[in-house]
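The structure appears right after this line, and notes come after that.
Bear in mind that the values in this text are calculations on the coordinates, not laboratory data. Predicted model, so just to flag it, every value in this text is computed and none were measured. Every residue, glycine as well, gets a Cβ built from its backbone with ideal geometry; the counts of neighbours run over all protein chains shown.
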Amino acid sequence: MKVLMFGWEFPPMSSGGLGTACYGLTKGLAGLGVEISLVLPKAAEGTEEFVKIIPADIANVKITKVNSLLSAYISSAEY
C-alpha cells in the first residue's frame, strides 16, 4: 500500500505536535510495510529511511505566504 501525506513540519523541525504526530504515523505505517511519501513546504534538514520527504518548494507547488506578526519558528525576542 502507498500513502501520500501532507504536513508542515517533521523532525528535527517542529514547532508543535504535528511533527511528532507525523513522525509516529509514518514510523508505524512503515513498520507495517506501507510506502509513505510526505509533502512538506520546504526541504527537511534530516531524512528518515522509512519515509520519502517531498519538498513542495522543489516539486513545482506554489506556496503563498501570508504576512503575520506570528510565526511558528520565532522566539519572543524576535516577535
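When you scan segment 49-65, do you find a residue that is loosely packed, with under 15 Cβ neighbours inside 10 Å, on the phi > 0 side of the Ramachandran plot, over 14 Å from the mean Cα position of the chain (by Cα) and not small (Gly, Ala, Ser), even just one?
Checking segment 49-65: at least one residue is loosely packed, with under 15 Cβ neighbours inside 10 Å, on the phi > 0 side of the Ramachandran plot, over 14 Å from the mean Cα position of the chain (by Cα) and not small (Gly, Ala, Ser).
I need the full set of residues from segment 20-45 which are surrounded by 15 or more Cβ atoms within 10 Å (Cβ to Cβ) and part of a helix (DSSP H, G or I), in order please.
Matches in segment 20-45: 22, 23, 25, 26, 29, 30.
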